[in-house]
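What follows is a set of notes on a single structure, which appears directly below.
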Amino acid sequence: MNRNEYYILNNGIKIPKIGFGTWQAKDGEEAYSSCLNALKAGYRHIDTAFIYGNEESVGKAIKDSKIPRNQLFITTKLWNDVRGYEETKKAIEKSLERLGLDYIDLYLIHWPNPVKYRQNYIKMNQEAWRAMEEMYHLGKIKAIGVSNFLVHHLDELLETAKVIPAVNQIKLYPGLNQEEVVDYCMKKNILLEAYSPFGTGKIFEVQKLQEMAIKYNKSVAQICIRYSLQKGFLPLPKSVTPSRIIDNLNVFDFILSDEDMEILNTLPNYVGPLKDIDNINY
């Protein structure tokens with residue numbers, strides 16, 4: 001593999017195999033400079049969201065990079081304060097405006113059952129999805145998907161969906177496998193994107209990963225990204241440090257052995273249990 005390789009989504013759209021995550025990158029100079037540095041380093045896939053509060057900074061970095069639009073893949077997401085048909089269409093238009101783009105490559109429902117709509121989240125997700133399907137057919141979105149959806153959330157959405165989600169972006173890292181939803185998505189040809197591939201930073205303290213990094217002469221971060229790729233996931237590493245931004249892309253010159261992959265597959269979840277998605281107060 002090399003940094004220019006891509007997956008092909010279930011609608012035929014190409015998506016670069018590594019994305020640059022912008023969660024927790026503060027709006028303004030931090031988000032702008034980290035995104036611009038990533039683009040200069042060779043990333044062509046940027047992941048943002050309305051709730052990150054940095055769509056405008058990401059859009060400015062895209063513009064200032066001078067990279068042709070058709071060489072970029074940009075993702076953003078629908079947050080929890082918006083659901084329904086008309087409201088979702090308006091949210092998409094606002095994201096396009098903030099990003100300064102004519103189209104979004106991938107648009108996701110960020111969370112399956114927000115507190116605001118918990119009493120009727122199934123219908124509200126279905127209506128949001130209907131709006132996303134319309135914008136997809138109009139060409140304002142090239143692919144649509146979801147984030148943080150478990151199996152039952154996907155089943156509920158698919159009761160009325162005419163377009164199968166192209167992506168499910170969930171938390172995945174060595175020690176957190178989410179096997180049920182991963183197996184489900186793979187059977188339905190829904191690509192898994194791995195956010196927080198470093199376990200929100202706590203994974204760097206794991207001794208087995210430190211030993212493996214020494215063995216391969218790589219960083220713990222590079223081991224985690226490589227693991228994700230060999231699982232068939234699309235990792236979304238985030239950093240605001242220029243040297244680490246570059247390093248996180250340099251993971252195509254080594255392969256983790258089957259034995260080491262099994263070690264990583266069976267690591268305890270040092271970061272802590274996944275939060276109860278159906279009851280979290282988002």
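We did not get these values from a lab; they are worked out from the coordinates using the rules stated. In this text the structure is predicted, and so the values were computed from the model without any measurement. In this analysis, Cβ positions are derived from the backbone assuming ideal geometry, glycine residues included, and neighbour counts consider all displayed protein chains.
At-a-glance table
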| item | result |
| --- | --- |
| Label-zone membership for the stretch 199-228, site Asp253, 7 angstrom Cα→C-beta point, backbone N under 18 Å | 213-227 |
| Hydrodynamic radius of the stretch 67-146 per Kirkwood, over alpha carbon pairs, in Å | 12.7 Å |
| Magnitude of the charge dipole, the chain, Cβ model with Lys/Arg +1 and Asp/Glu -1, debye to 20 | 600 debye |
| Violating pairs (Cα-Cα greater than 25 angstrom) within the set Lys14/Lys116; Lys60/Lys162; Lys215/Lys275; Lys63/Lys231; Lys90/Lys116 | Lys14/Lys116; Lys60/Lys162; Lys215/Lys275; Lys63/Lys231 |
| Flagged links, alpha-carbon separation over 24 Å, of Lys40/Lys208; Lys77/Lys123; Lys77/Lys188; Lys140/Lys171 | Lys40/Lys208; Lys140/Lys171 |
| Most fluctuating residue given options Phe254, Phe73, Phe50, as computed from a GNM of the chain linking Cα atoms under 10 Å | Phe254 |
| Signed unit charges on C-beta, dipole axis of the stretch 6-265, positive-most listed residue Ala128, Val151, Cys224 | Ala128 |
| Inter-label distance for Lys202 and Asn11, nm, one decimal - labels placed 7 Å from Cα along Cα-to-Cβ | 3.6 nm |
| Lys188 paired with Asn120, simple spin-label distance in nm, labels 7 Å along Cα-to-beta-carbon | 2.3 nm |
| Exposure proxy ranking, count of Cβ atoms within 10 Å, fewest first, for Ile225, Ile214, Ile170, Ile51 | Ile214, Ile51, Ile170, Ile225 |
| The stretch 38-98 and the stretch 227-282: distance between their alpha carbon centers, rounded to Å | 23 Å |
| Per-residue Cβ neighbour rank within 10 angstrom, fewest leading, Ser228, Ser65 | Ser65, Ser228 |
| Spin-label pair Asn279/Thr266, simplified geometry with 7 Å Cα→Cβ offset, distance in nm | 3.2 nm |
| Structure-derived Kirkwood radius over Cα pairs in Å: which label, when the choices are (i) 21.1; (ii) 19.0; (iii) 22.2 | (ii) |
| Estimated 222 nm signal from helices in the chain, with DSSP H stretches of n ≥ 4 weighted -39500 (n - 2.57), rounded to 500 | -11500 deg cm²/dmol |
| Beta bridge orientation in the chain: antiparallel %, DSSP, nearest 5 | 15 percent |
| Over the chain, relative contact order from alpha-carbon pairs under 8 Å, at least 6 apart, % | 19 percent |
